[in-house]
């Protein structure tokens, strides 16, 4: 008899625990009753976006100019070598 | 070369100079604000990177098949431009992501595959520079492999769940963003053509120099 009662009570407690916990977890959070001041913002909020934008555009411009300059320099070197070779050949 | 290069340089220079004005007047994306303006150069750079990788792959396949030196020159020039535009994508993307996602980088499919695509183009350049005789064929095979990666980069955002926006974002841009976006895309595409023309010319001059040296050796 006692064993049966204990089994019934424990089943009830177990069932309540299983059903009530998810139900409690699904409750919406309590409404905000007051504003909480903060001195430090989370990193995503405090990042200066304009700096990132300017950095991105500056990088594109620098990359484009550096690459164009590198082609121009390599081309000049090859053409100078061609002229030197042509001069050497004509001297013979 | 000069016939194409000089007018193209003038047009691209003018378009590049006007691009910041156009972008400054473009609309912001509501949730990201000012940083969303990176879109106008980040996404077109990605498009040009993929185009360049495809050009490199196709030119390499032609070189492997027909042994055409002209195709090899196009492949070489395109590989370098894939590396350049890939670098722009890889640098500007994290600058945007830091504000939009709160992190510089995430190993999600689009970012990872783009990074791998960029590494393949850099590997091609290393192979061509340091692998010695036969590096042209080895590099060409690598470029074909790299171009196979391109469709996967493109569809990755639609197939897998990623942080990166989907490909549907560009065709559905609102009018206030569409104009500046396609203007920037055209500017970068013409810039790519300009650099490709110059880079192919450089390869042609190098080939001529090699021929001159060979002729000189034969004579002496």
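Give the shape of segment B:1-68 as rounded, prolate or oblate, defined through the alpha-carbon gyration tensor: a ≥ b ≥ c are the square roots of its eigenvalues, a/c under 1.5 means rounded, and otherwise the shape is prolate if a/b is larger than b/c and oblate if not. Cα axes put segment B:1-68 in the oblate bin. Using only Cα atoms and rounding to the nearest 10 degrees, what angle (0 to 90) does helix B:175-219 make with the longest principal axis of chain B? Compared with the principal axis, the helix lies near 10 degrees. Per residue of B:213-219, other chain Cβ atoms within 10 Å of the residue Cβ number 2 on average. To the nearest ten degrees, helix B:2-24 and the longest principal axis of the Cα atoms of chain B are 20 degrees apart. Oblate is the label for segment B:109-206, because a/c, from the alpha-carbon gyration tensor with a ≥ b ≥ c as root eigenvalues, is 1.5 or above and a/b does not exceed b/c. Mind giving me the FRET efficiency for residue B:172 and residue B:130? R0 is 45 Å, r the Cβ-Cβ distance, nearest 0.05 is fine. Efficiency, from the Cβ-Cβ distance: 0.50.
How many angstrom lie between the Cα centre of segment B:138-210 and the Cα centre of segment B:89-136? Each part reduced to its Cα centre gives a spacing of 13 Å. Would you please classify the overall shape of the protein assembly as shown from the alpha carbon gyration tensor, given that a ≥ b ≥ c denote the square roots of the eigenvalues, rounded means a/c under 1.5, and beyond that prolate means a/b larger than b/c while oblate covers the rest? Prolate, because a/c is 1.5 or more and a/b exceeds b/c. Only helices enter the 222 nm calculation for chain B: every DSSP H run of n ≥ 4 contributes -39,500 (n - 2.57), and dividing by all residues gives -28500 deg cm²/dmol, rounded to 500. Taken residue by residue and averaged, Cβ atoms of other chains lying within 10 Å of the Cβ of B:90-101 number 4.
Among the residues of A:55-64, the average count of other protein chain beta-carbon atoms within 10 Å of the residue beta-carbon is 6. Relative to the longest principal Cα axis of chain B, at what angle does helix B:39-66 sit, 0 to 90 degrees, rounded to 10? Compared with the principal axis, the helix lies near 30 degrees.
Here, each number is a calculation from the coordinates, and none is a lab measurement. In this text the structure is predicted, and so the values were computed from the model without any measurement. Here the Cβ is made from the backbone with ideal geometry for all residues, glycine too, and neighbour counts use every protein chain on show.
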